[in-house]
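Below is one structure, written out as C-alpha coordinates, with a few remarks after it.
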Amino acid sequence: TGSSECTECHSGTFSDLTAGSHCMQCAAGTFVAQMAATTCFWCAAGTFSDMTGGSFCMKCSAGRFSALDAAVLCDACPVDTFSSDIGAISCTNCPANTAAAQIGSTSCTPIGGNLFLASYYSDLWHLSVVPFCPVHLETDL
(Lines give C-alpha, C1' and ligand atoms only; values in the text may rest on other atoms or scores of the structure.)
Protein backbone atom coordinates (compact mmCIF):
# COMPACT_ATOMS: atom_id res chain seq x y z
CA THR A 1 0.00 0.00 0.00
CA GLY A 2 1.15 3.57 -0.68
CA SER A 3 2.09 6.06 1.98
CA SER A 4 0.19 9.33 2.29
CA GLU A 5 2.86 10.84 4.53
CA CYS A 6 4.99 13.68 3.08
CA THR A 7 8.73 13.80 3.68
CA GLU A 8 11.24 16.57 3.05
CA CYS A 9 13.60 16.37 0.11
CA HIS A 10 17.18 15.58 1.15
CA SER A 11 20.17 17.85 0.45
CA GLY A 12 21.16 17.66 -3.21
CA THR A 13 17.50 17.38 -4.21
CA PHE A 14 14.58 19.80 -4.54
CA SER A 15 10.86 19.86 -5.21
CA ASP A 16 9.09 22.70 -7.00
CA LEU A 17 5.56 23.08 -8.31
CA THR A 18 6.35 21.11 -11.49
CA ALA A 19 7.73 18.15 -9.52
CA GLY A 20 4.63 17.76 -7.39
CA SER A 21 5.34 15.23 -4.70
CA HIS A 22 8.67 14.04 -6.16
CA CYS A 23 12.16 15.24 -5.27
CA MET A 24 14.50 15.84 -8.20
CA GLN A 25 18.31 15.79 -8.11
CA CYS A 26 20.20 19.04 -8.64
CA ALA A 27 21.94 19.10 -12.03
CA ALA A 28 25.73 18.95 -12.31
CA GLY A 29 27.13 22.45 -11.75
CA THR A 30 24.47 23.16 -9.11
CA PHE A 31 23.90 22.21 -5.48
CA VAL A 32 21.61 22.62 -2.50
CA ALA A 33 22.87 22.01 1.04
CA GLN A 34 19.64 22.20 3.04
CA MET A 35 16.69 19.86 3.15
CA ALA A 36 13.22 20.80 1.85
CA ALA A 37 14.66 22.98 -0.93
CA THR A 38 12.55 24.34 -3.77
CA THR A 39 15.52 25.14 -6.04
CA CYS A 40 19.21 24.39 -6.55
CA PHE A 41 21.95 27.03 -6.64
CA TRP A 42 24.76 27.49 -9.16
CA CYS A 43 28.26 26.68 -8.05
CA ALA A 44 30.16 30.00 -7.88
CA ALA A 45 33.10 30.76 -10.16
CA GLY A 46 36.19 28.98 -8.82
CA THR A 47 34.12 25.95 -7.80
CA PHE A 48 32.43 23.05 -9.57
CA SER A 49 30.11 20.07 -9.11
CA ASP A 50 30.63 17.21 -11.55
CA MET A 51 27.72 15.06 -10.40
CA THR A 52 23.96 15.29 -10.10
CA GLY A 53 22.44 15.50 -6.65
CA GLY A 54 25.25 17.63 -5.24
CA SER A 55 24.93 19.11 -1.76
CA PHE A 56 28.10 21.22 -2.10
CA CYS A 57 30.57 22.50 -4.70
CA MET A 58 34.27 21.71 -4.68
CA LYS A 59 36.99 24.33 -5.15
CA CYS A 60 39.18 24.08 -8.24
CA SER A 61 42.61 22.70 -7.40
CA ALA A 62 45.79 24.72 -7.92
CA GLY A 63 46.66 24.88 -11.64
CA ARG A 64 42.97 24.87 -12.59
CA PHE A 65 40.18 27.48 -12.69
CA SER A 66 36.53 28.08 -13.48
CA ALA A 67 35.67 31.57 -14.65
CA LEU A 68 31.90 31.09 -14.81
CA ASP A 69 29.18 30.04 -12.40
CA ALA A 70 27.63 26.54 -12.68
CA ALA A 71 30.87 24.82 -13.74
CA VAL A 72 30.82 21.06 -14.15
CA LEU A 73 34.63 20.92 -14.18
CA CYS A 74 37.61 23.23 -13.82
CA ASP A 75 39.82 24.05 -16.81
CA ALA A 76 43.59 23.64 -16.69
CA CYS A 77 45.61 26.85 -16.85
CA PRO A 78 47.01 27.27 -20.39
CA VAL A 79 50.74 27.14 -21.19
CA ASP A 80 52.63 30.20 -19.88
CA THR A 81 50.00 30.84 -17.19
CA PHE A 82 49.64 29.46 -13.67
CA SER A 83 47.47 29.41 -10.58
CA SER A 84 48.85 28.56 -7.17
CA ASP A 85 45.48 29.28 -5.55
CA ILE A 86 42.75 26.79 -4.73
CA GLY A 87 39.39 28.04 -6.02
CA ALA A 88 40.84 30.27 -8.77
CA ILE A 89 38.57 32.08 -11.22
CA SER A 90 41.45 32.80 -13.64
CA CYS A 91 45.11 32.06 -14.27
CA THR A 92 47.98 34.54 -14.13
CA ASN A 93 50.44 35.15 -16.97
CA CYS A 94 53.99 34.12 -16.14
CA PRO A 95 56.22 37.12 -15.34
CA ALA A 96 59.04 38.17 -17.68
CA ASN A 97 61.90 35.66 -17.97
CA THR A 98 59.75 32.79 -16.68
CA ALA A 99 57.63 30.14 -18.35
CA ALA A 100 55.08 27.42 -17.62
CA ALA A 101 55.67 24.73 -20.21
CA GLN A 102 52.69 22.53 -19.33
CA ILE A 103 48.99 23.13 -18.96
CA GLY A 104 47.77 23.09 -15.37
CA SER A 105 50.90 24.73 -13.92
CA THR A 106 50.94 25.97 -10.35
CA SER A 107 54.03 28.13 -10.83
CA CYS A 108 56.38 29.48 -13.48
CA THR A 109 60.00 28.43 -13.87
CA PRO A 110 62.79 30.96 -14.45
CA ILE A 111 64.39 30.86 -17.85
CA GLY A 112 67.85 31.37 -16.46
CA GLY A 113 71.52 31.68 -17.23
CA ASN A 114 72.53 32.08 -20.84
CA LEU A 115 69.40 30.43 -22.18
CA PHE A 116 66.29 31.95 -23.66
CA LEU A 117 62.95 30.56 -24.74
CA ALA A 118 63.13 29.71 -28.43
CA SER A 119 59.85 28.01 -29.27
CA TYR A 120 57.06 25.75 -28.10
CA TYR A 121 56.37 22.36 -29.51
CA SER A 122 52.65 22.56 -28.85
CA ASP A 123 52.13 18.86 -29.46
CA LEU A 124 54.73 17.95 -26.82
CA TRP A 125 54.11 20.85 -24.38
CA HIS A 126 57.76 21.42 -23.59
CA LEU A 127 60.37 24.13 -24.03
CA SER A 128 63.08 24.23 -26.61
CA VAL A 129 66.12 26.31 -25.68
CA VAL A 130 69.15 27.44 -27.61
CA PRO A 131 72.30 29.16 -26.37
CA PHE A 132 72.24 32.91 -26.05
CA CYS A 133 74.83 34.51 -28.32
CA PRO A 134 76.23 38.03 -28.03
CA VAL A 135 75.25 40.45 -30.80
CA HIS A 136 78.32 39.79 -32.94
CA LEU A 137 78.04 35.95 -32.80
CA GLU A 138 75.46 33.42 -33.93
CA THR A 139 74.54 29.80 -33.32
CA ASP A 140 74.01 27.07 -35.92
CA LEU A 141 70.95 25.70 -34.08
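Couple of notes before you dig in:
- Rg/Rh (Cα only; Kirkwood hydrodynamic radius) as it applies to the stretch 37-91: 1.04
- DSSP-assigned coil residues among chymotrypsin sites (Phe, Trp or Tyr not before Pro) in the stretch 52-115, each with at most 15 further Cβ atoms within 10 Å: Phe56
- List Ile86, Ile111, ordered by accessible area with a 1.4 Å probe, largest first: Ile86, Ile111
- Accessible-area value, Thr109, 1.4 Å probe, nucleic acids and ligands omitted, Å²: 80 Å²
The values are calculated or read from the model by the stated rules, or taken from the named source; none is laboratory data. In this text, all values refer to a predicted model and were calculated from it rather than measured experimentally. In this analysis, Cβ positions are derived from the backbone assuming ideal geometry, glycine residues included, and neighbour counts consider all displayed protein chains. To get the accessible areas, we keep the full protein, side chains included, count just its heavy atoms, and leave off ligands, DNA and RNA. Shrake-Rupley method; radii C 1.70, N 1.55, O 1.52, S 1.80 Å.
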